[in-house]
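The structure appears right after this line, and notes come after that.
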Amino acid sequence: MKIRFLLLTVLLSALFFSCTSTKQNQSKPDNYYDKETTTQNSSDAEETKIDYNSVEKESIVNIKEKKNAFQDFFSFGNKDDFLKYDTSTLFTKGMSGLKEKQATLVINTENYNAGFGSSYMAAYYIVTFDESAREKLIKSINNYLEDFENKRLQRNGKKTYQAYGKIPMHLDWGTVASSTPNNGSGQGYCGYEFEKGSPYFTISNFPFVNDYYEVVKGSTTRESMGLKFYFTKSQAKQLAAFLSNEVIYKALTDAKVIFIPTQADEY
């Protein structure tokens, strides 16, 4: 009896400290002051523009062995399809409001599209962008940060979720992170939204057609969910940095997915 009591006490204590540490590590919402009501704090006036780092790709060679159609059909999971190279955080919205989630930065090793994966409702979604879309995303984040600092965000604006325009994106999803057979592509949106007085940069989309539906003849959903991911300023800056060409190609070369042949010496 005493042993059971001690085990229960230890378990409850571990659970308490785990919950406490989770709450302490949550990202804080950004304070936003309208131009008419107050002056911007000096700490908020920091440089926000993010450079889009490009890397020459003419000499990059793909050394990943691609699966043939037979191997692809009988492969379970997506381990060979995505390179996981870092982690970050973001927010999703549920019945009780915004909830912070861990996001895994990933690169599709076949086409080098890059983005992030995170749980969403009862599923796991991987959102990736090609190079031109990443450039547009980083530009949208820069525009949002500038609008934030210059007090141009509209608290009660209509359709602010598309304030920075459309962006092509690709979705892979499934019930768990390691198996995301459902997939579809379409146009998403970059914008922002206020939640409890604080603004967040958003990436969202209406449901995409599931291309996997016809492959399995109906034993899955016809469409993806409509997604909306929320980012604080800090999270948006981090996402832009992670999706720069410089970081992506370094991750690919470090993982030996690609290599840049050594140039001959000129004499």
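The values are calculated or read from the model by the stated rules, or taken from the named source; none is laboratory data. Remember, it's a predicted structure, so these values are computed and weren't measured experimentally. Don't worry about glycine lacking a Cβ; one is built from the backbone with ideal geometry, like all the others, and counts go over all protein chains shown. Just the protein is used for accessible areas: all its heavy atoms, side chains included, with ligands, DNA and RNA removed. Shrake-Rupley method; radii C 1.70, N 1.55, O 1.52, S 1.80 Å.
For segment 96-206, with all protein chains present and a 1.4 Å probe, just round the carbon and sulfur fraction of the accessible area to a whole percent. Walk me through the numbers before you get to the answer.
Numbers: 2090 of 4520 Å².
In segment 96-206, the share of accessible area belonging to carbon and sulfur is 46 percent.
Once R0 is set to 22 Å, what does the formula 1/(1 + (r/R0)^6) return for the Cβ-Cβ distance between K99 and F206, expressed as a FRET efficiency to the nearest 0.05? Present the calculation step by step, with values, prior to reporting the outcome.
Working: r = 22 Å, r/R0 = 0.99.
The calculated FRET efficiency here is 0.50.
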What figure in square angstrom, to the nearest 10, would you give for the accessible area of S204 with a 1.4 Å probe?
10
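Could you size up the charge dipole of segment 144-267 around its Cα centre, putting +1 on the beta carbon of Lys and Arg and -1 on that of Asp and Glu, and report it in debye to the nearest 20? Mind showing how you got there, number by number?
Numbers: 14 positive and 13 negative charges, 151 e Å.
Result for segment 144-267 is approximately 720 debye, rounded to the nearest 20.
Using 0.36 nm times the number of residues separating K166 and M121, minus their current alpha carbon distance, what extension gain do you get? Can you show the working numbers first?
Numbers: separation 45, 0.36 × 45 = 16.20 nm, distance 2.38 nm.
Length gained between K166 and M121: 13.8 nm.
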Just to confirm, what accessible area per residue do you get for segment 210-267 at 1.4 Å probe, in whole Å²?
60
Going toward the positive end of the dipole of segment 97-147, with +1 on Lys and Arg Cβ and -1 on Asp and Glu Cβ, which of N111, G97, L137 do you reach last?
G97
Cα-based equivalent ellipsoid, segment 218-257: semi-axes from gyration tensor eigenvalues, Å
29, 21, 6
